[in-house]
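The values are calculated or read from the model by the stated rules, or taken from the named source; none is laboratory data. Model, not experiment: these values are computed from the prediction. Heavy atoms of the whole protein, side chains included, go into the accessibility calculation; ligands, DNA and RNA do not. Shrake-Rupley method; radii C 1.70, N 1.55, O 1.52, S 1.80 Å.
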Amino acid sequence: MAAFFQALANIFRIPDLRKRLLFTLAMLGVYRIGAHIPTPGINTDVVKQMFDSNQGSALGLFNMFSGGNFRSMTIFALGIMPYITASIILQLLTVVWPYLERLQKEGELGRKKITQYTRYLTVMLSIIQGFTIAETLQKQTFGAAQIVYRPGMGFTLMTILTLTTGTAFIMWLGEQITDRGVGNGMSLIIFTGIVIGLPNAVADIYDKLRHNAWGPFTPIAVLFLAALMLAIVAFIVFVEGGQRRIPVQYAKRVVGRKVMGGQMTYLPLRVNSGGVIPPIFASSLLTFPATINLVLGKKYNFLNNFAGALAWGEPLYTLVYVSMIILFAFFYVGIVFNPTELADNMRKFGGFIPGIRPGRNTSEHISRILRRLTFVGGVYLALVCLIPEWMISGIHLQHLPVWLGGRFFENYMPNFILGGLGVAFYFGGTSLLIVVGVAMDTVQQIEAQLVMRNYDGFVKKGKLRGRRYG
């Protein structure tokens with residue numbers, strides 16, 4: 001603990017690091033100011049009520065990545081979601097479009113070009129989403145209240161301009177933080193939007209403790225809740241830093257008058273190579289039924305039944321969610337990681353894995369290890385995403401058919417398992433992964449800056465390992 005506080009003091013002793021940290025905090029402060037400026041022409045109180053009644057739809061996912069701005073319909077309502085979508089689209093296109101693949105291999109110049117394309121695509125997606133939101137809000141009513149004060153083309157154009165400008169400004173803030181601050185700017189903006197709800201979560205738990213919301217066992221339930229959350233965070237930190245290190249031996253080569261190679265190194269394969277992308281993909285697809293039901297449910301009753309079966313906490317939702325997380329973990333890793341290309345590059349530079357022949361055997365060996373790690377990583381992601389969901393809304397096993405034991409669960413399963421703890425924790429599984437991962441990466445970068453300037457880091461022995469480094 002003393003080393004931690006000493007490292008904090010050392011941050012402010014280094015002028016460059018101090019300036020970077022203060023600049024980052026200032027930019028995040030500007031972002032939070034924009035979160036209180038509403039989009040013109042919208043009844044924000046009615047929008048908040050509509051969001052509260054449709055948490056399981058795509059609205060809830062957008063609201064998470066906008067830091068709560070989508071629920072308040074501020075100028076930053078789209079948040080960083082268009083940028084994330086554009087980045088994922090270009091990353092997937094890199095595999096199937098040779099032009100982008102060539103750009104990716106051209107080094108810094110190619111990456112700058114891809115970044116430029118990402119900006120253009122972000123603006124295009126923001127315009128499309130702004131138009132969709134404007135048209136949807138004009139057609140929607142919540143009870144007897146109207147969401148838009150003065151519908152029409154003027155409102156549509158104003159909404160598109162406001163939301164697109166807000167997203168472009170957030171994108172600029174993120175790039176400024178990355179270049180002149182500490183950590184990854186886009187990740188820190190998402191992080192800030194999520195953790196801003198932590199005080200409300202703590203206040204909600206304190207209110208339940210004061211009013212004995214869980215009966216005579218309320219103090220024990222609160223202690224259990226705190227211990228469980230600490231255990232989940234520790235588990236995430238442990239797995240996110242976990243690696244399978246494959247030894248790679250390089251043969252000696254004579255280049256001119258110098259002897260090169262002859263050293264042992266390691267190929268690090270992370271347990272969770274997909275990061276938070278698989279849960280994001282799975283959550284996005286599972287929100288479509290609720291979103292379609294929000295628009296067309298009044299006309300078609302079967303949509304209500306289908307959306308209800310895929311609601312949070314329902315057995316079908318849990319089964320599909322877990323399956324899709326594991327599926328997308330394999331899908332994403334298969335796209336971004338090419339064992340054959342890695343084995344060929346290793347052979348070109350005289351590298352080999354001890355006991356494995358170079359070439360095809362090396363590729364198959366790496367693929368076999370990667371499949372096992374990806375499965376473990378997918379199961380880990382599913383567990384982390386489901387535990388907070390149970391804390392919030394429970395696991396509705398009593399809704400299973402009778403032949404699957406629904407009546408048994410209803411009669412004999414404790415209520416706190418079926419109905420959850422009812423904690424408005426604000427941290428779902430995906431957001432918890434983002435918060436812990438971004439915190440690990442940022443602290444690891446600060447640690448590297450301190451060690452580079454011959455100061456003690458946050459730990460005296462070893463080094464901190466982030467998600468992308470180590």
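Accessible surface of region 131-204, 1.4 Å probe: 65 percent of it comes from carbon and sulfur atoms. Amide H to amide H distances under 5 Å link Ile246 with Leu267, Leu269, where only residues 5 or more positions off or on other chains count and H is placed in the peptide plane.
In the context of the full set of protein chains, residues of region 318-388 present 51 Å² of accessible surface per residue (probe radius 1.4 Å, heavy atoms only). Normalised per residue, the accessible area of region 150-232 is 52 Å², obtained with a 1.4 Å probe and no contribution from ligands, DNA or RNA. Across q = 0.23, 0.24, 0.30 Å⁻¹, region 90-151 modelled as identical point scatterers on its alpha-carbon atoms has Debye log10 I(q)/I(0) values of -0.91, -0.95, -1.14, in the order of the q list.
Amide H contacts for Thr74 (H built 1.01 Å from N in the peptide plane; partners 5 or more residues away or on another chain; cut-off under 5 Å): Thr39. Per-atom-type breakdown for region 308-382 gives carbon and sulfur 64% of the accessible area (1.4 Å probe, protein chains only). At the residue level, Glu108 shows approximately 110 square angstrom of accessible surface with a 1.4 angstrom probe and all protein chains present. Would you list which aspartates and glutamates come within 19 Å of Lys48, measuring only between C-alpha atoms, while excluding same-chain residues fewer than 8 positions from it? By straight Cα distance, Lys48 reaches Glu135, Asp204.
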